[in-house]
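So the structure is just underneath, and the comments pick up after that.
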Amino acid sequence: MTAGISVEGYRLEPGNRVRIVVFNEPNLSGDFTLDSIGNITLPLIGNVPGSGVTARELADRIADQLKRQHILQDPNVSVEVQTFRPFYVLGEVREPGEFPYTSGMTVLSAIARAGGYDYRAREGEVVLVRVVGQEQTEYRASELTPILPGDIVKVLERRF
């Protein structure tokens, strides 16, 4: 992977949907969406900040709240990201735009979602734009390069 980030390191943001499972506690488990400021509201414990943390860190925060509020003595919590930030495909493709991310995507599968290369495309030669921290970085990418949520795939125009 080009930038050294994996989906496991994905940081949650407002609008993400997560599945929270509190072992042996179906009333505390379910699917939740981070609100506009990045919180989730859980039964019994209320708001838990989730923006900017990984799924594992959110699970730890929820477990900590359950312990601190004396709801459970030793909670076992897991969090799974259900929806990710979309990715974008620009340039010489048939239908450029924003697309929902699914785990395991490559540049080629992203281009396929955008309707494939158009007749002006420089096939197999793309630029991948990725934001890491606060830095936006451009990489040369092949069709097999993995993409991550929020990536921008730019398909270049060939020279005639």
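Values quoted throughout were computed directly from the atomic coordinates according to the rules given, and no laboratory measurement underlies them. Small disclaimer: the values here were computed from a predicted structure and weren't measured. Here the Cβ is made from the backbone with ideal geometry for all residues, glycine too, and neighbour counts use every protein chain on show.
To the nearest µm²/s, what D does Stokes-Einstein give for the chain at 20 °C and 1.002 mPa s, using the Kirkwood radius over alpha carbon pairs as Rh?
Estimated via Stokes-Einstein, D reaches 124 µm²/s.
Residue separation times 0.36 nm, minus the C-alpha to C-alpha distance between Val131 and Leu156: what's the value? Walk me through the numbers before you get to the answer.
Working: separation 25, 0.36 × 25 = 9.00 nm, distance 1.97 nm.
Additional length available on full extension: 7.0 nm.
From the P(r) of the range 7-81, could you give the percentage of C-alpha pairs in the tail past 18 Å? Spell out each step's value before the answer.
Numbers: 806 of 2775 pairs.
Above the 18 Å cut-off, the range 7-81 has 29 percent of its Cα pairs.
Can you compute the modelled spin-label distance between Asp31 and Glu138, with each label point 7 Å from Cα toward Cβ, in nm?
3.8 nm
What fraction, in whole percent, of alpha-carbon pairs in the range 87-157 exceed 13 Å separation?
Percentage above 13 Å: 58.
With θ set to phi - 60° and the Karplus curve 6.51 cos²θ - 1.76 cosθ + 1.60, what are the ³J(HN,Hα) couplings of the range 19-30 in order, to the nearest whole Hz, using x for Gly and Pro?
With coefficients 6.51, -1.76 and 1.60, one gets 9, 10, 10, 9, 3, 6, 9, x, 6, 9, 9, x Hz.
Taking the Cα centroid of the range 127-160 and of the range 19-50, what is the distance between the two, rounded to the nearest whole Å?
34 Å
Please give the contour-minus-distance gain from Glu57 to Glu13: 0.36 nm per residue of separation, less the Cα-Cα distance, rounded to one decimal in nm.
Details: separation 44, 0.36 × 44 = 15.84 nm, distance 1.31 nm.
Fully extending the segment from Glu57 to Glu13 adds 14.5 nm.
Considering Cα pairs under 8 angstrom that are at least six residues apart, work out the relative contact order of the chain and quote it in whole percent.
Details: 330 pairs, mean separation 32.8, N = 160.
Worked out over the chain, it gives 20 percent.
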